[in-house]
Amino acid sequence: MILILEPNVERDSERFNQLTKYLDSNERVEYSMHDVHGTEQVLTEVYLIGDTAALSMDYMKSLPCVDRVVRVQESYRVLGRHGEKDRQTGFTYNGVTFSQDSLHVFAGLCAVDTPEHVELMMSSLKDLGQECTRMGAYKPRTNPYSFQGHGSECLPWVFELAGKYGIKVIAMEVTHESHIEEINEALEQTGHPTGVMLQIGTRNTQNFELLKSVGRQKTHPVLFKRGFGITLNESLNAAEYLASEGNPNVIFALRGMKNQGGDPHRNMVDFTHVPVVKRLTRMPVCIDPSHSVGSRDRAPDGMLDVFHATAQGVIAGANLVLVDFHPAPAKALVDGPQALKMDELSWFFEDVAISREAYLKRRQRASDR
Ligand code: PEP
Ligand code: MN
């Protein structure tokens, strides 16, 4: 059961004291409090566990400071919507707000290689008014002999370049808990010129110990990729590990499924799940057309398959697009064949804007009914 308290409730008020006194007196129920920071208000949610079946919804609603009461299913306790249409979604990080209503594009390098390429990428994004990018420093590779990423060594100059070009959030995968510390040290050393969204890759979706470590830190939000060979329900449960450890600022990324039916794409594109994840959970939803499609193939209409897949996700209401670009795809150390080229960057953003506008019109039409 979740008690959603009135907005901006004062923790030292008499009414709040009465509420905690009542909760403390009930020995069959334990509780924890989570603050959900929205743009205009802080909502405190009280999670009750134990013998909650015995509690009356009406009585709990009558307690001081309680605005609403939600009976949760066992799954996705913190991140789930539990049938509540109006639950607050999203969070603000380093001045950028992410929610189930917003849209941000994280175009960038799959893997950081040279300072020249990183600088060219970031300066091009700045020219287009962008504040977010993707930059991989730790790469989980199928083949142990493949390039594994520059690791901590590249972090200081990547962060400094981000600061130089006004990039506020970098999506960066971590594959081991020590990487969180390395990122924090490099941010500290460079004076926090940017923010980092910690990415969990599809190969680590069910690496529960990594999820617990990332969930225990509350500084950075998390971009969580669905597992490419497990059910959606299993992936959503894995995302809940982050929230259950204390970090509910999670974005759920669709990135295609391993399935021979997906051929000739690298994976079977799963962007029809965008509205499904929004219905089941409060997480903003990301699409990754690059790792889904996996090529620069072009349809007879002149558009690359990556553009088409992006449009399909955005028109269905995606909140974030993670997409690979590279100044010289032939020289990229990871995933060059799927990278878009710099002279396609503004075209890509224009194409996303068309789909976004169509989505907003579709949403308006639905709300008028
Ligand atoms: C990536 O985004 O660079 C990546 C490795 O993605 P995934 O975990 O989805 O394969
Ligand atoms: Mn990649």
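The values are calculated or read from the model by the stated rules, or taken from the named source; none is laboratory data. All of these numbers come straight from a predicted model, not from anything done at the bench. Glycine also receives a Cβ, built like all others from the backbone with ideal geometry; neighbour counts cover every protein chain displayed. Quick note on the areas: whole protein, heavy atoms, side chains included, nothing else; ligands and nucleic acids left out. Shrake-Rupley method; radii C 1.70, N 1.55, O 1.52, S 1.80 Å.
Of the residues making up segment 173-202, just one is within 16 Å of ligand 1 (Cβ to nearest atom) and surrounded by fewer than 16 Cβ atoms within 10 Å (Cβ to Cβ), namely His176.
Of all the criteria given as (1) modelled with pLDDT of 95 or more; (2) within 29 Å of Gln130 (Cβ to Cβ); (3) touching a strand residue (DSSP E or B) at 6+ places or on another chain (Cβ under 7 Å), the one not satisfied by Gly90 is (1).
Of the candidates Glu6, Glu74, the single residue that is out of contact with any helix residue (DSSP H, G or I) (no Cβ under 6 Å at 6 or more places or on another chain), surrounded by 14 or more Cβ atoms within 10 Å (Cβ to Cβ) and acidic (Asp, Glu) is Glu6.
Residues of segment 251-302 that are over 25 Å from Ser75 (Cβ atoms), away from ligand 2 (no atom under 16 Å from the Cβ), part of a loop (DSSP other than H, G, I, E, B) and modelled with pLDDT of 95 or more: Asp297, Ala299, Pro300, Asp301, Gly302. If we keep just the residues of segment 200-224 that are within 16 Å of ligand 2 (Cβ to nearest atom) and of a type in the set (Val, Ile, Thr), which is farthest from Leu322 (Cα to Cα)? So, considering only residues that are within 16 Å of ligand 2 (Cβ to nearest atom) and of a type in the set (Val, Ile, Thr), the one farthest from Leu322 (Cα to Cα) is Thr205.
Residues in segment 250-264 that are open to solvent by 50 Å² or more (accessible area, probe 1.4 Å), touching a residue at least 24 places away in the same chain (Cβ under 8 Å) and away from ligand 1 (no atom under 12 Å from the Cβ): Pro264 alone.
Could you grab me the full set of residues in segment 125-153 that are away from ligand 1 (no atom under 15 Å from the Cβ) and either surrounded by fewer than 20 Cβ atoms within 10 Å (Cβ to Cβ) or within 30 Å of Arg279 (Cβ to Cβ) (or both)?
First pass over segment 125-153, keeping only residues away from ligand 1 (no atom under 15 Å from the Cβ): 125-131, 144-145, 152-153.
Of everything in segment 125-153, those that are away from ligand 1 (no atom under 15 Å from the Cβ) and either surrounded by fewer than 20 Cβ atoms within 10 Å (Cβ to Cβ) or within 30 Å of Arg279 (Cβ to Cβ) (or both) turn out to be Lys126, Asp127, Leu128, Gly129, Gln130, Glu131, Pro144, Tyr145, Ser152, Glu153.
Looking only at segment 112-124, residues that are within 16 Å of ligand 2 (Cβ to nearest atom) and buried (at least 24 other Cβ atoms within 10 Å of the Cβ) come to 2 in all.
Checking segment 316-330 against the condition returns a match, with at least one residue being under 25 Å from Thr92 (Cα atoms), touching a strand residue (DSSP E or B) at 6+ places or on another chain (Cβ under 8 Å) and away from ligand 1 (no atom under 16 Å from the Cβ).
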